[in-house]
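Okay, so here's the structure we're looking at.
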Amino acid sequence: MYQGGGPNFFWLFLVFLVVVPSSRAEEVKTHYSGLTLNAQLQLSEGKSLRDGIVILVHGTLTHNGMETINNLAEVINERGLNTLAINLSLGINDRHGMYESSFTSRHKHDDALEEIAVWIEWLKSKNVGEIILLGHSRGGTQVARYVTLKRDSRVSKAVLLAPTMGLNRERFRQTHGTPLGEVLTKAETLVKGGNGDQILKGAGILYCKNADVAASSFVSYYRSDNRLNTSSILGASKVPVLVIGGGNDAIALGLAEAVKPIADGKHISFKVIDDADHFFLDLFAEDVVDFIDQFVAGRT
C-alpha cells in the first residue's frame, strides 16, 4: 500500500478541497447614464459565457450580496449554469450594499429595465449565449416588465421569484404614517405640471421613512395602474415565464390567487415551495433551482 506523503499530504488534500471554488467569481463593471454599474460574474466550472448565463436581479433597495441572491447564484453555478448578479444603481455611482435611506431618492422603478438592457448588451459584446432573467421580489416585477416591453433574441426565458403584486396602501400608511393617496396626488400634480424633479421633503418612499424624494420617483413606484402588478402584465411577455412563490410568504401577498388563473404550464408556469418564506434561504434555494432546471429543460 502506498504510504508516500504521509500526514502532510493528507492535510494538503483537505486544504485543496476547501480552498478551490466550484466556480470563478469576479466583479465586472459597465457604464450607464454617467454612472458606473457593477455586478458579480460567476462562471460555472468548465463553462464560458458562450454556454449562456442567468442574470439575477435583487429586490427593493437591496443588493447583489444579499443571502437570497448569493445562495441562488451558488446553487445555479453548482448545476452548471453561469450567473451575473447585478447591482441596480438606484441613482448611485458604483453602488454596493444596502441603499441608504438618508439619500434623496431620484431613482425610478423602470430604471431597472434600462440597466438590465445595458448588462445584456455588455454580455452580448462578450459573445454570450442564451440569457435567462431571474428576478426576486421587486426585481421579479421589473424582470416581468422587461420581458413584456423589450425584445432581445438572446433572452429566452424569465423566472420571477416571489414577485411583488402592486400597491399596498395600508403598508405605506403603516410605514410612513400618512395615507398614500395624499402624497401620490401631490406628486402626480407636480409631474403633470412638468415639475417632477421637485423634492417632497420627508415624504418617505418604499422602506425609507421620512426620506426626501423627487415627485417623479414617488410616482414611478406608487402610480395607480397595472404596471406594478406582475399578474396584469405577464400575458404580454415575449418569452416563457416561470413564477415561483413561497407558501409562507408574508410579503408577496396574493401571488397564487393572481397567477394560478393565467398559468397554462407553457407560456406561464407557476410553482409553490410550501414552507418557504419570501427569501427562500438555506435549502429552499435548492428547491428553487430544481424548478428552474425543469423549466430550462422544458419539463414544467
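Remarks
- Considering only S216, G202, H176, and ranking their Cα positions along the charge dipole of segment 168-223 that arises from unit charges at the beta-carbon of Lys, Arg, Asp and Glu, the one farthest toward the positive end is H176.
- Entry note, segment 168-223: relative contact order of 30 percent, from Cα contacts under 8 Å with a spacing of 6+ residues.
- FRET E, pair E286, H31, Förster distance 30 Å, beta-carbon r, rounded to 0.05: 0.25
- Charge dipole (debye, nearest 20) of segment 193-251; +1 at Cβ of Lys and Arg, -1 at Cβ of Asp and Glu: 40
- Test item: Cα-centred dipole of the chain, Lys/Arg +1 and Asp/Glu -1 on Cβ, debye: 960
- Residue-by-residue Karplus 3J(HN,Hα) for segment 94-105, coefficients 6.51, -1.76, 1.60, Hz, glycine and proline x: 6, 6, 10, x, 5, 5, 7, 5, 6, 5, 6, 7
- Converting phi to 3J(HN,Hα) with the Karplus coefficients 6.51, -1.76 and 1.60 and the offset θ = phi - 60°, segment 210-222 yields 6, 6, 6, 8, 5, 4, 5, 5, 4, 4, 4, 8, 10 Hz in sequence order, with x at every glycine or proline.
- Residue-span extension gain [S156 to T185] - 0.36 nm each, minus C-alpha spacing: 6.5 nm
- For segment 18-130, the antiparallel share of DSSP beta bridges with both residues in that region comes to about 75%.
- Förster radius 35 Å - calculated FRET efficiency between R171 and D293 (Cβ-Cβ, nearest 0.05): 0.55
- Rounded to 5, the percent of DSSP beta bridges in the chain classed as antiparallel: 40
- All Cα pairs of the chain, percent lying beyond 26 Å: 47
Values quoted throughout were computed directly from the atomic coordinates according to the rules given, and no laboratory measurement underlies them. Only a predicted model underlies this, so the values are computations on that prediction, with no experimental measurement involved. Positions of Cβ are generated from backbone atoms using ideal geometry, with glycine treated the same way; all protein chains shown enter the neighbour counts.
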